[in-house]
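Input: a single structure, listed below in structure tokens.
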Amino acid sequence: MSSNSGASSQAAARHAFEAAPLARYLRGRLPGFEEPMQVSQFEGGQSNPTYRLRTPSRTYVLRRKPPGPLLPSAHAVDREFRVMQALRDSEVPVPRMMLYCDDPEVVGTAFFVMEFLEGRVFWDPTLPGIDAGQRTALYDEMNRVLACIHRVDVDAVGLGDYGRQGRYVQRQIERWTRQYRASQTDRIDEMERLIEWLPAHAPEGDETGLVHGDFRIDNLVFDRAESRVLGVLDWELSTLGHPLVDFAYHAMLWRVPGNTFRGLSDADLGALGIPSEDAYLRRYCERTGRERIDHWDFYIAFNLFRIAAILQGIMSRALEGNAASAHALQEGQRVRPLASIGWAQAQRIGS
């Protein structure tokens, strides 16, 4: 990435773009924009490349589609922009959206610019270096924010048409089966079994609400001084769907070990000050007015299949040299163990 006006280039070469056209585009369109501009790519994300834009007086974040061939419906930065813009005055903390651009001449793909949140991002759910009391507070805050997402009145915020209604679980099984097939590199027996088992055991009944689709601790920015979420990030997979399926995706970290997918199943939760899965579910039910959660184990099994399918897509992009993160190949290698855990979960439910 080269730049105008002294802007620096630290982005990975495969996602590099000329910064001068971007600066020209932002002049007069982005309130308060000044030059010189420095551009650097954030590390860690597996999907849409994300960049820090640093100017003399302000810092912004640019998020864009990756270049190259993409799976159908993937990398929907336009939907990310829309949902965060819609939530700006809601209970859900999100960064402020600045502008959206679908002109590929500027940086090569569609992108949006948003507020940069100065805070903490935790990658390890065991929260090393944090005292037990603060861990308890951080987990309770995470629970609160997800409950806020699921309580959003989608019609009131203009998201009533943000996704299809009805048959959410069945449609998700179909979608992630297609995505897995489109990016499959090797045969994984457990994935084949789940593809056959899941649609045959999908529970009846449905609910519709706003779902984030990838609600994890590393997609949250926390205040540096308080146990408070400043913003929920990475809304690429958000849609209208079943809130409990979304909650189960978040909660499956209690079912997987730390060396498989940053999980908690092998952690000493009591010593760490992290609530048990049952306690975490009870708190969520209190916040959302539920007496119980039916079909919980099925939703967990489905989400283990879903994350395996997502990681298979990351693996495929890594092999094609089109992944957003240098660690994408390593992430993709988690597909097989997650599929194994998912199939073992399905077997516990029975036939």
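The values are calculated or read from the model by the stated rules, or taken from the named source; none is laboratory data. Predicted model, so just to flag it, every value in this text is computed and none were measured. Glycine also receives a Cβ, built like all others from the backbone with ideal geometry; neighbour counts cover every protein chain displayed.
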All positions within the range 204-213 that are surrounded by fewer than 22 Cβ atoms within 10 Å (Cβ to Cβ) and either aliphatic (A, V, I, L, M) or under 23 Å from L62 (Cβ atoms) (or both): G213
Residue selected from the range 132-186 under the condition touching a residue at least 60 places away in the same chain (Cβ under 8 Å) and of a type in the set (D, E), by the criterion farthest from E236 (Cα to Cα): D140
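Considering the range 290-316 alone, what residues qualify as being surrounded by fewer than 19 Cβ atoms within 10 Å (Cβ to Cβ) and charged (D, E, K, R)?
Within the range 290-316, R290, E291, R292, D294, D297 qualify.
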Every pair of residues 6+ apart whose Cβ atoms lie under 8 Å, when the first sits in the range 241-265 and is of a type in the set (K, R) and modelled with pLDDT under 95 while the second is part of a helix (DSSP H, G or I) and surrounded by fewer than 19 Cβ atoms within 10 Å (Cβ to Cβ): R262/D218
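Which members of the range 222-249 meet the condition of being among the small types (G, A, S) and crowded, with 20+ Cβ neighbours inside 10 Å?
Hits for the range 222-249 are G231, S238, G241, A248.
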Test: E118 is out of contact with any helix residue (DSSP H, G or I) (no Cβ under 7 Å at 6 or more places or on another chain) and not aliphatic (A, V, I, L, M): yes
Selected residue (only one of V94, V77 is buried (at least 19 other Cβ atoms within 10 Å of the Cβ), under 20 Å from the mean Cα position of the chain (by Cα) and either at pLDDT below 95 or assigned by TED's automatic domain parsing to the domain that holds R224 (or both)): V77
Every residue from the range 181-196 that is surrounded by 16 or more Cβ atoms within 10 Å (Cβ to Cβ), modelled with pLDDT of 95 or more and either basic (K, R) or touching a Gly at 6+ places or on another chain (Cβ under 9 Å) (or both): E190, M191, R193, L194
Qualifying positions in the range 98-157 - assigned to a helix (DSSP H, G or I), farther than 28 Å from P257 by Cβ and not assigned by TED's automatic domain parsing to the domain that holds E80: C148
Scope the range 98-131; condition closer than 13 Å to L53 by Cβ and not hydrophobic (A, V, I, L, M, F, W, C); matching residues: E115
Residue in the range 28-38 that is at pLDDT below 95, surrounded by fewer than 17 Cβ atoms within 10 Å (Cβ to Cβ) and under 16 Å from the mean Cα position of the chain (by Cα) present: no
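Looking only at residues in the range 250-279 that are in a helix (DSSP H, G or I) and aliphatic (A, V, I, L, M), which one is surrounded by the most Cβ atoms within 10 Å (Cβ to Cβ)?
M252
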